[in-house]
Amino acid sequence: MRRQITKAVQDGSKISRSAASAAPIWAQPFICAKCRRAGAPIPVSKSVVNHYARPFLTTRRVPQQASPAAESSRSSNTAVPQTHYDFFPQTFPRGPPPASPFTPDLKQLRKEFLQLQSKAHPDLAPANQKRQAEALSSRVNEAYKVLQDPLKRAQYLLLQAGIDVEDESAKLSGGELLMEVMEAREAVDEVEKEEDLGGVRRENDGRIEQSVGVLEQAFARGDLNAAAQEAIRLRYWVNIGESIQGWEKGSGGGAVHH
């Protein structure tokens, strides 16, 4: 029993000395030289022992992930649409022709346009971003205006390839085609009553539909020369359609641009 008590006292002395040596100088009590030589236990405050005896812990910092809204904002700021097609990824998931059909799903295009406008409207932008929002909204409107119209869409695609068919010098070649255009124009001028425009309008709508079909095939196979010629032809049919729309009794159709 005495040996156990002696051992416990010695162990306590070792712990006290260890804690004292671990503690800073200001936390160690003054012990005279005689007591040190005698090997007396060094009294150490319990709070000091607890403070300096506890292990050093580290906390692993887990990197915070950006919220989906922040990621979306960052991507929208960096991924600036380069073409009209880039504004409507749902309607044109594969991009412009020939990867996608020349004629899109117009209902889907309209739906995506309205969704985009509701998010990009300048009134929703902060005051310091109004100008950028107005520029973006203008681009969205222009993109939709072009892509929902077959003639403008064809002209845009050709212009992206360096072919300008909007120029007034871009005219049809071939006497047969020119004769067809002149006859269509005369048919509008000869209409006497507004109710007689129905047949003329249906005939011209058929020309437009046929021309769009030719463009569909030309862009699908990447034949830009054929697409350019058909886009010029379509421009004539669209102009005649506008003259039918602007028909007035006694003056014939509206102005037609050749």
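Bear in mind that the values in this text are calculations on the coordinates, not laboratory data. Keep in mind that this is a model prediction, so the values were computed, not measured. Note: ideal-geometry Cβ built from the backbone for every residue, glycine included; neighbour counts use all protein chains shown.
Remarks
- Lys/Arg +1, Asp/Glu -1 at C-beta; segment 175-245 dipole; positive extreme among Ala220, Asn204, Leu178: Ala220
- Against the rule of thumb 2.2 N^0.38 Å, how large the Cα Rg of segment 130-210 comes out: 1.54
- Pairs from the table (Lys107/Lys171; Lys111/Lys152; Lys107/Lys152) lying more than 28 angstrom apart at Cα are Lys107/Lys171.
- For segment 81-148, the mean projected area of the C-alpha convex hull, equal to one quarter of the hull surface, is 4.4 nm².
- For segment 87-229, pairs of C-alpha atoms spaced more than 26 angstrom apart make up 43 percent of the total.
- Intensity falloff of segment 175-245 expressed as log10 I(q)/I(0), Debye formula with alpha-carbon point scatterers, at q = 0.19 Å⁻¹: -0.75
- Cα-centre dipole for segment 81-148 with unit charges at Cβ (Lys and Arg positive, Asp and Glu negative), debye to 20: 60
- Rh (Kirkwood; distinct C-alpha pairs) - segment 184-225, Å: 12.0
- The relative contact order of segment 81-148, computed from alpha carbon pairs under 8 Å that lie at least 6 residues apart in sequence, is 34 percent.
- Phi to ³J(HN,Hα) by Karplus 6.51 cos²θ - 1.76 cosθ + 1.60 over segment 144-160, Hz, x for Gly, Pro: 5, 4, 6, 6, 8, 10, x, 5, 4, 5, 5, 4, 5, 4, 5, 5, 5
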